[in-house]
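Take a look at the structure set out below.
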Amino acid sequence: MSNLQKRILTSLIILPLFIFFIFKGEDLLLLFLFTVFFVANYELFSVFNKKITILFLDLVLILSLFSIYYLREQGVQSFELLLWVIILCVFSDIGGYIFGKTFKWKKLTKISPKKTLSGVVGSFAFSLFSLFIMEFVKQSISYFSGSFINFLAPKFFFLAIIFSLIAQIGDLTISYFKRLEKIKDVGKILPGHGGIFDRIDGMMFVIILAFILYQLNIFP
């Protein structure tokens with residue numbers, strides 16, 4: 001089985017599982033988030049040696065997990081925004097992977113040799129698809145019937161690009177720390193992806209930003 005096939009198969013299992021716990025919320029979501037926290041910490045302490053790196057990544061992890069729980073439990077709108085951010089990050093990652101493998105344009109940076117300009121374009125393009133997915137979700141699930149968020153408003157197209165950019169910067173940030181330690185993946189628990197940190201690297205930073213914008217009443 002190729003790495004791409006493993007990546008797709010893992011995503012088809014992990015994403016619905018993640019969405020399931022997000023929808024359940026409360027105690028089940030807390031259990032899931034604590035599980036992610038402990039597994040991710042095991043990865044951190046297993047592969048990283050620099051204490052400042054472990055401290056920084058652990059802080060980002062904790063803030064992102066708190067942001068997930070907070071946004072989930074604040075009401076329909078914040079839950080809807082959280083769901084969109086998760087879908088956007090997944091689509092941004094898929095778009096970057098597909099475009100990067102297909103078009104093979106100029107390398108983006110030495111920090112992550114596999115990152116290309118075509119991957120950046122793909123990430124931006126696919127992130128915009130998440131807006132149409134959320135509109136479909138709103139119309140398909142009665143839970144969101146009371147929401148007045150219009151994901152097809154110009155504001156959200158701009159936010160989609162910003163969030164995709166932050167996801168890519170977050171991915172490069174984790175890649176930078178991995179390069180310092182001379183490792184390829186943080187773990188091996190997720191076939192095709194590596195470890196937990198390899199899967200949620202960019203998403204952590206985006207969810208924290210979404211939480212900040214929500215608190216400032218800029219988002220939605």
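Every read-out reported here was derived from the displayed coordinates using simple, explicitly stated rules and does not represent laboratory data. Only a predicted model underlies this, so the values are computations on that prediction, with no experimental measurement involved. Here Cβ is always computed from backbone atoms with ideal geometry, including for glycine, and neighbour counts include all displayed protein chains.
Which of rounded, prolate, oblate describes segment 31-136, given a ≥ b ≥ c as roots of the alpha-carbon gyration tensor eigenvalues and a/c under 1.5 marking rounded, otherwise prolate only if a/b is larger than b/c? Could the numbers behind the result be given before it?
Working: a/c = 2.88, a/b = 1.10, b/c = 2.61.
It is oblate, given that a/c is not under 1.5 and a/b is not larger than b/c.
Helix 51-73 versus the longest principal axis of the chain: what angle, 0 to 90°, nearest 10, using Cα atoms? So the helix axis and the longest Cα principal axis differ by about 20 degrees. Measuring between alpha carbons in the structure, the pairs from 106/178; 115/182; 106/184; 114/178; 101/155 lying more than 19 angstrom apart are 106/178; 106/184; 101/155. Zone of residue 30 (label point 7 Å along Cα→Cβ, backbone N under 17 Å): which residues in segment 52-83? Of the residues in segment 52-83, 65-75 have backbone N under 17 Å from the label point off residue 30. The phi-based Karplus calculation (6.51 cos²θ - 1.76 cosθ + 1.60; θ = phi - 60°) puts the 3J(HN,Hα) values of segment 127-144 at 5, 5, 4, 4, 5, 6, 5, 5, 5, 5, 4, 4, 7, 9, 10, 5, 4, 9 Hz, whole numbers, x for Gly and Pro.
Taking a straight line from the alpha carbon of residue 24, these lysines sit under 28 Å away, with near neighbours fewer than eight places off in the same chain left out: 6, 138, 188. By other beta-carbon atoms within 10 Å, ranking 42, 214 with the fewest at the front produces 42, 214.
Using a simple spin-label model with pseudo-atoms 7 Å out from Cα toward Cβ, residue 180 and residue 136 lie 4.1 nm apart.
Counting only alpha carbon atoms, the long axis of helix 154-181 and the longest principal axis of the chain meet at about 20°.
Here the Kirkwood formula puts the hydrodynamic radius of the chain at 17.8 Å, using every distinct Cα pair.
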